[in-house]
Structure formats: structure tokens, C-alpha cells
Amino acid sequence: MNEFAFIHMCIKQTAEGMQEGLTHFSGPSRTAVIYAIKPEDPIYIYDPQNLLAGHEPKFKELYIDSDAWREKTAIGYDKKKFSNLIPEKNLELAGLISYGGRSSTVVYQMWFTEHHPDMCSIGPTERWIEQAVWRFSHDVANEEALYTGISGGFLKEYATHAVRDYLVDEMNVLIGWDTRMRVYPILEAVLKISRTPEEGSWPKGKLIFVEECSLSKLQFIAKFPEAERPVLEDVKHIRKLLQTVENSERKLVADEKTIIGIIKGDSPDFSITANFEGSYGFLALNDDNVCSFSDGCFQSTTRKAKLVQVEEILLDSDMETEDVSILFKTISDIVHNAVRLQHGCAIVVDLNTPPVSISSQCLEHPLDLKNPDEFELAKSLSRVDGALHIGADLKLHGFACLLDGHYIPYEHRARGARFNSALRFTAEHEKVIAIVVSSDSPVSVMMDGIVLDTKWHLKPSIFCNTPQLLKKWVVASDSAYY
């Protein structure tokens with residue numbers, strides 16, 4: 001195998017492993033890399049799924065029109081010193097997360113992946129990409145004779161490690177390198193508790209982990225004797241104790257080994273918090289969410305529908321900017337409330353004047369959604385079978401709406417009556433948006449009989465199935481668009 005083929009194999013397996021892992025962590029994700037192996041080498045790109053399409057001008061400016069990226073390489077080429085890696089930070093490109101590095105075995109590399117709009121934090125993903133940088137440098141140093149091919153499998157299963165690495169990095173910044181707090185036992189306990197029901201109910205309540213030196217600063221409502229503190233490994237016991245803080249401002253306090261007691265009010269200056277909310281929960285560093293967890297694994301999602309398509313349609317409408325903002329917030333709050341309470345609902349956003357006529361439970365006077373009390377009522381009415389009918393006038397014109405229409409080719413029988421009825425209805429009415437929330441949380445936005453989807457679809461690149469010269473890729477991409 002020649003050197004180019006070996007590099008291609010290393011990159012391909014690393015990229016595929018990271019892509020599969022990030023897809024489980026954040027939803028459908030692509031990966032790409034820009035790199036040069038030796039100081040005199042031209043710069044290459046590997047982008048098999050068009051992740052970097054649209055950023056050609058920036059890459060041309062950074063890597064083709066300028067040699068500044070090459071001049072910064074202060075590390076000499078030496079395959080025996082792969083570990084002396086100098087990091088290269090996120091390039092801050094729209095829609096992307098990137099991280100790179102320079103080492104003696106790979107003089108420059110910059111890896112990229114999707115920046116999903118519903119991520120709690122990009123920190124764990126950056127640590128994930130950082131690990132890819134290290135793995136690639138290590139694999140190139142080993143050469144073909146010693147290449148194990150484990151990097152892809154390692155990165156595929158990196159979710160918990162990525163969360164841990166991010167937390168440790170932040171801990172070192174916030175409280176110094178001398179902390180004795182171990183993170184892996186905390187993460188293991190959180191996942192085990194999250195999937196342990198008690199009398200048929202999933203856990204709810206807050207469990208905070210603090211350093212031992214912070215315990216004296218806390219005002220405990222109740223504290224367990226040191227010899228009788230429940231250990232985190234006794235998951236069933238901890239799950240029972242969580243019932244004491246459920247639906248309250250109280251919190252269980254623990255170090256990485258045992259439950260110390262129960263507090264109420266403010267947390268210490270530094271803490272890791274597991275906020276259990278039933279079948280899912282959130283892991284936070286101080287007050288900032290790092291990730292969510294469900295089904296025994298960590299995920300990057302905020303578990304809130306972003307409704308990007310709805311916002312774009314409203315901004316393109318004839319509505320006043322202030323009314324767009326109010327209407328979008330109103331719709332988002334109703335959707336997020338339905339997701340949180342895990343009940344299905346449908347919303348018809350009617351931009352027609354006057355609104356279209358829909359068979360529904362009529363109201364003598366439409367509810368003014370700018371009125372807090374009437375808005376709270378509207379959220380409750382979303383639980384009734386049928387759809388809410390919301391107009392561009394920021395009023396609820398009806399609930400329990402029956403949405404009908406004729407058969408259309410884009411129906412999806414697996415999605416049920418609520419989904420397909422809304423799809424048919426939008427096919428027969430102009431300037432109408434339908435939003436459907438399923439009881440298991442997926443949110444669909446429809447207009448003109450089509451489900452609007454901003455997610456990418458997996459299509460191989462016609463330019464970059466193997467590493468290509470970046471200069472050649474930029475020219476080929478430009479030719480494809482013009």
C-alpha cells in the first residue's frame with residue numbers, strides 16, 4: 001500500500017467512526033478534514049458528504065491565497081514525536097464546529113462536523129474532535145505495519161468520554177488542577193439512576209455533586225452520618241432518596257462516592273448537577289447545561305424543537321416584526337410545553353386575513369394570546385383532541401379543530417392520523433402552517449402539503465470520496481454551482 005492510500009485509510013476510518021458516534025450523540029452528523037502531512041506538502045481535503053460546501057471562499061482565503069497557515073508550523077516533521085501536538089482552535093464557521101492541531105507527524109489538520117442548533121453545549125463535541133486529531137497523528141506515526149485500525153471504533157463510542165473530558169477541562173479552569181473530584185463515577189451513577197424506575201415512575205429531582213471542601217459552606221436541611229451515607233453504587237437506594245426532592249426546590253448533595261444530605265436554595269460556587277425529569281434529564285456544570293441524557297446514554301440535544309422553518313416563514317410574511325416575534329414565541333411555548341408534558345398536539349398557524357374556516361370547537365370571542373391567562377388556557381386546550389387554530393392576529397380562533405383533505409402522495413402511514421390529516425389540510429389551504437407534536441416528542445412542520453425539513457440528506461460528494469487537493473476541490477465546487 002502506498003503512502004497516499006494509507007493516509008486515506010486512516011482518515012476514512014477516523015471520519016466514519018466519529019460520524020457514527022456524533023450521529024448518536026447529536027443527530028445526523030457529517031465529518032470532514034483539511035490536512036497536510038509534511039511541511040512541503042500541498043493541503044488536502046476529505047469531505048465525502050458535502051459538509052463544507054458553501055465555505056469555499058473562506059478556505060481559499062485561508063489556505064490557497066495565503067501561506068500563513070504553513071508559516072505557523074513551528075514543529076519539525078518527525079514520525080517518532082506524534083504526541084507533541086499544538087492545538088488549533090475552532091475556525092468559527094457558520095453551521096460548523098471545528099478543531100485542529102499541528103504535530104510532528106501531521107503538520108496541519110483541521111476537522112469539522114455539524115453545529116446543530118439544538119445543542120446544550122459544543123464543548124463535548126470539541127473534545128470529541130480533539131480526540132480525532134490525536135488519533136490521526138498517532139495512526140500516521142505508526143505507519144501501515146503497526147496500524148491497528150481501532151481509531152474509528154474508539155471514536156464511535158466516545159460520548160461519555162467526551163462529556164467527561166469537557167467537564168474536567170472546565171473544572172481545571174474554574175477551580176484549579178488540584179481538584180480530587182473524579183468525574184467518571186459521577187457520570188456512571190447518573191446514567192444508572194436515570195434508567196431505574198421506582199414503583200413504575202422514572203426519576204425526578206436534582207442531584208448535585210460538589211467537592212468535599214465545599215460541604216462546610218452548604219446549609220443542610222438534613223445530613224447523613226458519615227458512617228451511614230448511602231453510596232452511589234447502591235443505585236436503587238439513591239433512586240428512592242430522589243423522591244424526597246421531587247417537585248421541590250430541595251436537592252440531594254453528593255461527592256463522587258456517597259450522598260451527603262439534602263439542601264434547599266443556592267448551590268455552591270462549583271457543582272455538577274443531574275436534573276432528572278422523568279424519562280430524560282440534563283447534566284449541568286454550575287447553571288449551564290452540558291448535555292442531556294436518556295435511554296442510558298448522553299446526548300447533546302436541549303430536547304426543545306427549534307422550529308427554524310416556522311420562524312423563517314413568519315419572517316418572510318407580511319406581518320410586522322414585533323408581531324412575528326410574539327407569534328413565534330407563542331407557538332414555541334405551546335410546542336415546548338407539549339413536548340415537556342409528553343402529550344401530542346397540532347397547531348394550525350393561519351396567515352390568511354380573515355382566517356380560513358375550520359370545523360372546530362368555536363369560542364364566542366377568540367382568546368387573546370398576548371394575555372397571560374388566556375395564553376395559559378390555550379396551552380391547556382392543546383391537550384384536547386384536534387388542532388389549535390391560531391391567526392396572524394395573535395388570537396386563538398378555535399380548538400379541537402378537525403383537519404381534513406384529500407389524499408396526497410407525500411402521506412406517511414406510519415405517522416398516524418394527526419400527522420397525515422395536517423399534511424392534507426396544508427395541501428388544500430394556502431398561507432397555512434401546521435405543526436404536529438407526537439406524544440414521543442418528534443415535531444413536524446408542514447406547509448403546502450410538504451413536510452419542511454432543514455436536515456441534510458446523506459448524499460455522497462461527487463468531488464471528494466477520496467482526499468483531494470483543496471485547490472482542485474474549490475475549483476470543482478465553484479463549477480458545480482455556476
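Per-structure values
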| item | result |
| --- | --- |
| Along each principal axis, Cα extent of the chain, largest first, Å | 80, 73, 38 |
| Value at 222 nm in deg cm²/dmol, rounded to 500, when DSSP H runs of n ≥ 4 in the chain each add -39,500 (n - 2.57) | -10500 deg cm²/dmol |
| Cross-link table LYS156/LYS217; LYS156/LYS304; LYS12/LYS89; LYS240/LYS304; LYS12/LYS60; LYS306/LYS471, entries beyond 31 Å C-alpha to C-alpha | LYS156/LYS217; LYS306/LYS471 |
| Linear extension gain, GLN219 paired with ASP368, 0.36 nm per residue minus alpha-carbon span | 49.2 nm |
| Length added when fully stretched, LYS192-LYS236, from 0.36 nm per residue minus Cα-Cα | 14.9 nm |
| Percent RCO, i.e. relative contact order, over the chain, from Cα pairs under 8 Å lying at least 6 residues apart | 14 percent |
| For the chain, the longest site-free run once GluC sites (Glu not before Pro) in DSSP loop states with at most 16 other Cβ atoms within 10 Å are removed | 321-410 |
| Anisotropy class of region 308-440 from Cα gyration tensor, a/c 1.5 cut | rounded |
| Cα gyration tensor shape of region 229-305, rounded if a/c is under 1.5, else prolate or oblate by comparing a/b with b/c | prolate |
| Potential lengthening between LYS60 and ASP178 on full extension [0.36 nm per residue; Cα-Cα distance subtracted] | 38.1 nm |
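Values in this text are rule-based calculations from the coordinates and carry no lab data. In this text, all values refer to a predicted model and were calculated from it rather than measured experimentally. We place every Cβ from the backbone using ideal geometry, glycine too, and count neighbours over all the protein chains shown.
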